[in-house]
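Enquirer: One structure, as structure tokens, below. Some questions next.
The values are calculated or read from the model by the stated rules, or taken from the named source; none is laboratory data. Note that the structure is predicted; figures quoted are calculated from it, not measured. Cβ placement follows ideal geometry from the backbone for every residue including glycine, while neighbour counts extend to all protein chains displayed. Side chains included, ligands, DNA and RNA excluded: accessible areas come from the protein's heavy atoms. Shrake-Rupley method; radii C 1.70, N 1.55, O 1.52, S 1.80 Å.
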Amino acid sequence: MSMIYGTKLLDTDIEIFIAALTKTPVYVWSLDPLGVYYQVSSGIIVKYTPDEVRIQNEQDASISKWYSRESNEFSISF
């Protein structure tokens, strides 16, 4: 089990699917130039593809954004 700052990474399509289906809040993480993870966003997964995940903003439900699965990590609290 991989973790970033006490959260569980969503490594597989089925984990992303379950988080989307259950409307579990997810965190979006990216690496800074020094290789340290920082939180980019958080919200609910509204759609995903093999390459990207679309997150509806937690603070403003009218905002949603696509995040690359190659350059970002997604995790949930547990």
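Enquirer: Which residues, counting only those in the range 21-70, are open to solvent by less than 60 Å² (accessible area, probe 1.4 Å), without any contact (Cβ under 8 Å) to a residue 40 or more places away in the chain and assigned to a loop (DSSP other than H, G, I, E, B)?
Expert: 32, 35, 49, 69
Enquirer: In addition: Which of the residues belonging to the range 1-19 are in a helix (DSSP H, G or I), surrounded by 10 or more Cβ atoms within 10 Å (Cβ to Cβ) and either β-branched (Val, Ile, Thr) or under 10 Å from the mean Cα position of the chain (by Cα) (or both)? Steps first, answer last, please.
Expert: If we filter the range 1-19 for residues that are in a helix (DSSP H, G or I), which is where we start, we get 13-19.
Checking the rest, the ones that are also surrounded by 10 or more Cβ atoms within 10 Å (Cβ to Cβ) come to 13, 15-19.
Once the filter is applied, which keeps residues that are in a helix (DSSP H, G or I), surrounded by 10 or more Cβ atoms within 10 Å (Cβ to Cβ) and either β-branched (Val, Ile, Thr) or under 10 Å from the mean Cα position of the chain (by Cα) (or both), the range 1-19 yields 16, 18, 19.
Enquirer: Still on this structure, please answer the following. Applying the selection to the range 52-70, what residues are under 11 Å from residue 28 (Cβ atoms), of a type outside the set (D, E, K, R) and modelled with pLDDT under 95?
Expert: 57
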